[in-house]
Amino acid sequence: FSVQQSLFNENLLQKASEALNFPIENLSNDVKSLWSEMTLKFPNAVSNLQFKTNPKPHTEKINAWDFHVKDEKLPNHALRVK
Amino acid sequence: KTPESLGIDTVKQYSGYLDVEDEDKHFFYWFFESRNDPKNDPIILWLNGGPGCSSLTGLFFELGPSSIGEDIKPIYNKHSWNSNASVIFLDQPINVGYSYSSSSVTDTVAAGKDVYAFLELFFKQFSQYKNLPFHIAGESYAGHYIPVFASEILSHEERQFNFTSVLIGNGLTDPLTQYKYYEPMACGEGGEPSVLPEEECEAMLSSQSRCLSLIDSCYQSQSVWSCVPASIYCNNAQMGPYQRTGRNVYDIREMCEGGSLCYTGLEYIDKYLNRDDVKEALGAETDNYESCNFDVNRNFLFAGDWMKPYHKAVTDLLESKLPVLIYAGDKDFICNWLGNEAWVDVLPWSGSEKFASSKVKPWNVAGKEAGTVKNHDIFTFLRVYGAGHMVPYDQPANALDFFNEWIGGNYAI
């Protein structure tokens, strides 16, 4: 058990509520107590939870492609083919 | 520099990206034509699970045209699934494998929205394949993906391709049923001797009812607030005792060796796909390749996706007359055959009673019993002897046999 872990976990429900845009006040007491039980029982698993995936470093290869495919039914999508 | 120049296979190949422009999402794919008769053989979309694992691990570790050896060079696979079918390997969701984005995809439904667009554009460009039978196959967490993606495809009646069936191997599909079977699998009822002391088995059993009640709440509400605690509690209580033994969660016969995924061969794949000449030949745009992105895994977990009842979509597929094959290597712990056999038996659909009462028959390959099979109409469950989580890795010839039978339209195998 770590004091730092405990501090982090205290904020976890708050962080989840912000990430999901759901006010913590609207959660039932059952939900609040279930989350604090999980936090106490499984601190490592809870501290590993992540709201967002980090962007991946990349370098676009503009001239690598033989075909560019689009379709007016899918205006937001395009396919590149090598 | 083309994909063919890498020498993974001599067949025609395409690689590239699906770009979703206003969301800055870029999905990598690699296509291999059939070694047999590409003008007439079916097309397969292969998906690995995780969530967060690249489908290129399936390519090189299980069912693709080559594996990668210790010297980081390709080794020809004579049992490749492109023996009688053309196969597309798609890295999804975003930020998995060579796919990338500045944003996150957090659950199965969101991840599936772009797969339909990919297929439409793929079959538009390669219209010579659009009338051929098209199947989606995958394993593990693809037991979540495939029912949802298939439902999305079926909702588009205007689709330009011939969607024919789905195949799910060692999947996580109906957690409420499947989580009852970790204890029997670990404690000697799955065909292998118990790997846990009696008191650990008892502890697993005693935590089971709380776990199932939490999953049931998740099924009812499908809310993050109940699904996240269910995942945390059940994964710790039902998988924790097994993991602490140091055994391979993907194969009960072995200890976990070779990094976090328990197989040394996966490290060779990472090394190969990080080579500059390989990235150049494929047009890969990410600076770094990893077999599995654990950020994505945690992201899905926090979205409460893990315990959601996506098996309900399998009912819809069957009612839409789409054939479904569920297969399971019988040495896997994490998505074990007992749990898979159990959920297919209780799945509600119009043929459920006849399926449940169908006889389990031996499945023979080349005159030798290779597993058991249960079938009614378009729904089939296949137990594969002597295979772990990744069936084509452990039983390459037998896996190719059932795969060819299924895509050839023999749903009873």
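The table below lists the values:
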read-out	value
Spans of helices (runs of 4 or more DSSP H) in region B:322-403 with at least 1 residues closer than 25 Å to residue B:252 by Cβ and free of Cβ contacts under 8 Å to residues at least 60 places away in the same chain	B:337-346
Pair list, Cβ < 6 Å and 6+ apart or interchain, from region B:233-245 residues that are more than 17 Å from residue B:218 (Cα to Cα) and within 11 Å of another protein chain (Cβ to nearest Cβ) to residues that are at pLDDT 90 or above and outside any helix (DSSP H, G or I)	none
Pairs, first on the phi > 0 side of the Ramachandran plot in region B:191-202, second not aliphatic (A, V, I, L, M), C-beta under 6 Å, six or more apart	B:191/B:330
Single residue of region B:243-285 satisfying the filter (exposed (fewer than 13 other Cβ atoms within 10 Å of the Cβ) and of a type in the set (Asp, Glu)) that is modelled with the lowest pLDDT	B:257
Pick from region B:293-303, criterion over 15 Å from residue B:49 (Cβ atoms) and crowded, with 24+ Cβ neighbours inside 10 Å, ranking: farthest from the other protein chains (Cβ to nearest Cβ)	B:303
In region B:2-32, residue surrounded by the most Cβ atoms within 10 Å (Cβ to Cβ) [restricted to those that are assigned to a strand (DSSP E or B) and free of Cβ contacts under 8 Å to residues at least 24 places away in the same chain]	B:13
The one condition in (1) within 24 Å of residue A:20 (Cα to Cα); (2) over 25 Å from the mean Cα position of the chain (by Cα); (3) within 11 Å of chain A (Cβ to nearest Cβ) that residue B:220 fails to fulfil	(3)
Conditions (1) within 14 Å of chain A (Cβ to nearest Cβ); (2) of a type outside the set (Ser, Thr, Tyr); (3) not in a strand (DSSP E or B): number failed by residue B:71	(1)
Residue check for residue B:80: under 20 Å from the mean Cα position of the chain (by Cα), farther than 26 Å from residue A:67 by Cα and polar (S, T, N, Q)	yes
Unmet criterion (only one of (1) closer than 30 Å to residue B:100 by Cα; (2) at pLDDT below 90; (3) more than 7 Å from chain B (Cβ to nearest Cβ)) for residue A:68	(2)
Residues within region B:75-97 that are closer than 30 Å to residue B:397 by Cβ and not in a strand (DSSP E or B), tallied	13
Among the residues listed as A:60, A:25, A:18, A:37, the single one being over 30 Å from residue B:284 (Cα atoms), at the interface with chain B (Cβ under 8 Å from one of its Cβ atoms), surrounded by fewer than 16 Cβ atoms within 10 Å (Cβ to Cβ) and modelled with pLDDT of 80 or more	A:37
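The values are calculated or read from the model by the stated rules, or taken from the named source; none is laboratory data. This is a predicted model, so every value here is computed, not measured. Here the Cβ is made from the backbone with ideal geometry for all residues, glycine too, and neighbour counts use every protein chain on show.
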